[in-house]
Structure formats: structure tokens, C-alpha cells
Amino acid sequence: MSTELDFAQTFLSLLSTTNNVDATHLQRPQFITAHPPQQPKLPIAKQRSSSKPSSTEESSVAVVCKSIRPPRFAIEVNCSSGETVYNVKTKLTQSSGKPANLIDASQLKFLIKGKVIQDSTLLSSLINQFGEEIITFTVMISEYEGPAHESVQETPAAAAASTSTSTQTTEQSKQDSLADADWETVHHLLTAGNVREDILERVRKGWNLTK
């Protein structure tokens, strides 16, 4: 209880005390310089340089085309990561060490670990998929079928010439047959063709002169 009484007396004595402050210690607010709050300095983040090329950059890729069937060969083709499998096939058909039966890119089938690789596949995707710096294709070569034979359309002039030749051949055959036949057969053929009588007579006279 005495403690509380002592606290109250001390508090009252402090309230009654006045401190006389010197006027030189007081400043008007307009003369006080405002200072911004000080913040701790943060370390500057360092940018890490990546050694891997970006996806837009193309790098050179070593491609090995290997055949496990006769004729066996292993040909290395220099390509870029942005090229497709079809580009590799085309370069292989143009290489000096290709087999003699390789004529066109359509004969080739590329495989990696038993999986057929499509012509539109990018080499960069194969590097990411299999994680190998050197791409090795197993090559299968089929027989060359050659270009499709185009049908030759006959022109009207050629058709007319062919018809004329056929007609001349037919007439010549008829003449040869008439030469070997007798007059009765000739007369029968002319009569069936509705030939006039005066013409029949002239033909008969000419027939007799040939005998």
C-alpha cells in the first residue's frame, strides 16, 4: 500500500515541476530541414551468363548415317540444328560416299533406337529428346521406283494423221484383196455399195483389160 502512495506522490510532484527551456533551443517549423527516411542498401543482383545457346540460335550438328545391311556404310553429314531430317536425307543422296543404289531421298528411312523418324522432325528436337551431341541414324534403303510415267495426250493433228494412215492401209488392203478376187466377187462388193451401173460397166471393162 505504501508503494502505491509513494508512486502517487512522485507523479504529482512531477506534474507540478516546470522546465524552463532556452529560446535558442526552439526553431520554427518552416526552418526545419526535412530528411527522407534512410533505407538499408540492398546488394545488386548479378546476372548469370548461360552457356547454353538460345532456342532461336542455330548450332552445327554432326550427323552420322549408318547402314547395318549391305551395302554397309557410315557417312558423316554436317548440318545445323534448325534443319530437318529430310534435309539430311537430301545431303546424303548428294554425298560422294553414298552407295550406288541410292538415287533419291524417297528411298531412305531413318531410325533411332528402332523408332522411325519423320522427315519433318528438326534436329534440335532430337538433341533435346535423346540428349546426344552426335545424332546417329540407322539407315534403310528401299528400291528406287522412279518417277511416275505420264500419259501422253494425242494432239488433234496426230489423231488425224493416224486416222488417215489407218484409212490408207485399209484401202490398200482392199485393193490387194480385189486383185486376188474374181469379177463375181468384185461385182458383188460394188453392188452392195450401191454403185451406179455405168460405173460398174467401166470397172468391168477395166477388169477385163488387166487379165
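Quick notes on this structure:
- Failed condition for Phe130, given (1) surrounded by 14 or more Cβ atoms within 10 Å (Cβ to Cβ); (2) closer than 15 Å to Val63 by Cα: (1)
- If you check Thr163, Thr185, Thr170 for being part of a helix (DSSP H, G or I) and modelled with pLDDT of 65 or more, only one passes: Thr185.
- Any hit, the stretch 119-133, residues being assigned to a loop (DSSP other than H, G, I, E, B), closer than 17 Å to Arg69 by Cβ and either assigned by TED's automatic domain parsing to the domain that holds Ile68 or in contact with a helix residue (DSSP H, G or I) (Cβ under 6 Å, 6 or more places away or on another chain) (or both): no
- Selection from the stretch 107-125 of residues that are out of contact with any Ser or Thr (no Cβ under 8 Å at 6 or more places or on another chain) and at pLDDT 90 or above: Lys115, Val116, Ile117, Gln118, Ser125
- Selection count where residues are at pLDDT 65 or above and of a type outside the set (D, E, K, R), scope the stretch 47-76: 15
- Residue satisfying all of: in the stretch 62-76; more than 19 Å from the chain's Cα centre (by Cα), in a strand (DSSP E or B) and not polar (S, T, N, Q); farthest from Ala100 (Cα to Cα) among these: Ala62
- Some residue of the stretch 81-94 being exposed (fewer than 14 other Cβ atoms within 10 Å of the Cβ) and modelled with pLDDT under 90: no
The values are calculated or read from the model by the stated rules, or taken from the named source; none is laboratory data. Computed from a predicted structure; not experimentally measured. Methodologically, a virtual Cβ is constructed for each residue, glycine included, from the backbone with ideal geometry; neighbour enumeration extends over all protein chains shown.
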